[in-house]
Amino acid sequence: MATVLLAGGAGYIGSHTAVELLNAGYEVVIADNFANSSPESVRRVEQITGKKVTLYELDIKDRAGLSEVFHAHQIDAVIHFAGLKAVGESVEKPIMYYRNNIDTTLSLLEVMQEADVKKIIFSSSATVYGETNPVPYTETMPRGVCTNPYGWTKAMMEQIFEDAARADQALSVILLRYFNPIGAHASGRIGEDPQGIPNNLMPYVTQVAVGKRACLTIYGNDYPTPDGTCTRDYIHVVDLAKGHVKAIQYILQNHCMEIINLGTGQPYSVTEIVDTFEKVNGVKINHVYGARRAGDLPACYANADKALEILGWKTELSLEDMCRDAWNWQKQNPNGYQNA
Ligand code: NAD
Ligand code: UDP
């Protein structure tokens, strides 16, 4: 069976993808510098699957170190998850974001070229659609104007991949544009483990539920949406992980340069998330309505047709599943992987 290198594979989406790849019979190699993760997640991936992962503690920017990984293994395809992803932090530390995110990408492409590895899948984001494209977003729309350096790194990296694929006719690339991944593996053994105060909605909700935060602030209830709060395309991280398995199957069999949305196509509002979380889990989420957060769009959701057409993939899990599994993870791991 083919061997897949997960750059940044110890993180939230990478660890869930590792489980699904191992379950599908692939060999998995992970390289991560644990900038935003812990080797504990990889240990748990092995526990869940009963299979071994080869793990390297490595900064992907370190080309010599990365080259050694490519020499030690016959890598058939790469999934590039490695990156910094906190929108607010990217505004404060743009140079660090450009350096890390762009350099990991260039380093991977250079080392792949040396090692003659020709297949890469990249973790892009719905944020590249920018502010002016109408929802639902389709892959044929132009990239828009991003509202923060994190978004710009994704847009720039997409451009880099497109140019690299144009120049090297043998290189296959799939740019996966994720919408809003939430939830956790049903076992509750792996999940999202943000450092400090969560920026994203679901980890904030689960930390209020577990008593680590006093109150959720809902950012704005005067948007032009049905209940006034923003709508997003929340996708269960296990569905997202399975989308990567389909993308790996596809890229191993086809020469391609594709952009594919991974979303449900179904928007839910912040209020619907809070209400569903409370109902499914039988807990109260103390919340108040506050001011809008700078840079937030009223609505963001996918047209998910292309993923079904090209990859034969669509989501299977519901918002109830997402809320139940997010809570199951948080309850079992109130401090994430810390002290594990
Ligand atoms: P994450 O922070 O949990 O995972 C990213 C991993 O990359 C971490 O384990 C981190 O330690 C590692 N990393 C960062 N820089 C590195 C470097 N220089 N060398 C080696 N490892 C490095 O984030 P995630 O939620 O799993 O996201 C994975 C990818 O998907 C990221 O590129 C992110 O931007 C993208 N993405 C995430 C979301 C989301 O909402 N979670 C949405 C769209 C796109
Ligand atoms: N949100 C909120 N309170 C929070 C965090 C997020 O109301 O503490 C809202 C945010 O305004 C957005 C939605 O939840 O409408 C999803 O935000 P998140 O940061 O998770 O993802 P984004 O879509 O911004 O990438």
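The values are calculated or read from the model by the stated rules, or taken from the named source; none is laboratory data. All figures in this text were calculated on a predicted structure; none of them were measured in a lab. Note that we place each Cβ from the backbone using ideal geometry, even for glycine, and neighbour counts take in every protein chain shown. Note: areas computed on protein heavy atoms with side chains; ligands, DNA, RNA excluded. Shrake-Rupley method; radii C 1.70, N 1.55, O 1.52, S 1.80 Å.
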Q: Filter region 10-25 down to residues that are within 22 Å of Ser67 (Cβ to Cβ) and in contact with a Ser or Thr (Cβ under 7 Å, 6 or more places away or on another chain), then give me how many there are.
A: 1
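Among the residues of region 300-316, write down those that are part of a loop (DSSP other than H, G, I, E, B) and either exposed (fewer than 13 other Cβ atoms within 10 Å of the Cβ) or within 16 Å of ligand 1 (Cβ to nearest atom) (or both).
Result: Tyr301, Ala304, Gly312, Thr315, Glu316.
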Q | Sole exception among (1) over 27 Å from Asp163 (Cα atoms); (2) part of a helix (DSSP H, G or I); (3) of a type in the set (Ser, Thr, Tyr) for Tyr250, by number | A | (1)
Q. Which one of the conditions (1) open to solvent by 60 Å² or more (accessible area, probe 1.4 Å); (2) out of contact with any Phe, Trp or Tyr (no Cβ under 8 Å at 6 or more places or on another chain) does Ala291 fail to meet, given that it meets all the rest?
A. (2)
Q: Select from region 206-238 the residues that are more than 12 Å from ligand 2 (Cβ to nearest atom), closer than 20 Å to Asn303 by Cβ and surrounded by 23 or more Cβ atoms within 10 Å (Cβ to Cβ) and list them in ascending order.
A: His236
Q. Would it be correct to say that Ile260 is in contact (Cβ under 8 Å) with a residue 24 or more places away in the chain, open to solvent by less than 30 Å² (accessible area, probe 1.4 Å), of a type in the set (A, V, I, L, M, F, W, C) and out of contact with any helix residue (DSSP H, G or I) (no Cβ under 6 Å at 6 or more places or on another chain)?
A. no
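What residue, of Glu20, Glu27, is open to solvent by 10 Å² or more (accessible area, probe 1.4 Å), over 30 Å from Pro149 (Cα atoms), under 15 Å from the mean Cα position of the chain (by Cα) and not aromatic (Phe, Trp, Tyr)? Please lay out each step first, then the result.
Numbers: Glu27 fails: under 15 Å from the mean Cα position of the chain (by Cα).
Result of the check over Glu20, Glu27: Glu20.
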Q. If you take the residues of region 280-299 that are in contact with a helix residue (DSSP H, G or I) (Cβ under 8 Å, 6 or more places away or on another chain) and not in a strand (DSSP E or B), which of them is nearest to ligand 1 (Cβ to nearest atom)?
A. Gly295
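Can you find, within region 13-40, the residue that is nearest to ligand 1 (Cβ to nearest atom) among those that are among the small types (Gly, Ala, Ser) and part of a helix (DSSP H, G or I)?
Step by step, filter region 13-40, then rank; the result is Gly14.
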Q. So Ala186 fits all but one of (1) over 13 Å from the mean Cα position of the chain (by Cα); (2) within 22 Å of Ser269 (Cβ to Cβ); (3) open to solvent by 40 Å² or more (accessible area, probe 1.4 Å); what number is the exception?
A. (2)
Q: Examine region 329-340 for a residue that is on the phi > 0 side of the Ramachandran plot and either away from ligand 1 (no atom under 15 Å from the Cβ) or surrounded by 17 or more Cβ atoms within 10 Å (Cβ to Cβ) (or both), and state whether such a residue exists.
A: yes
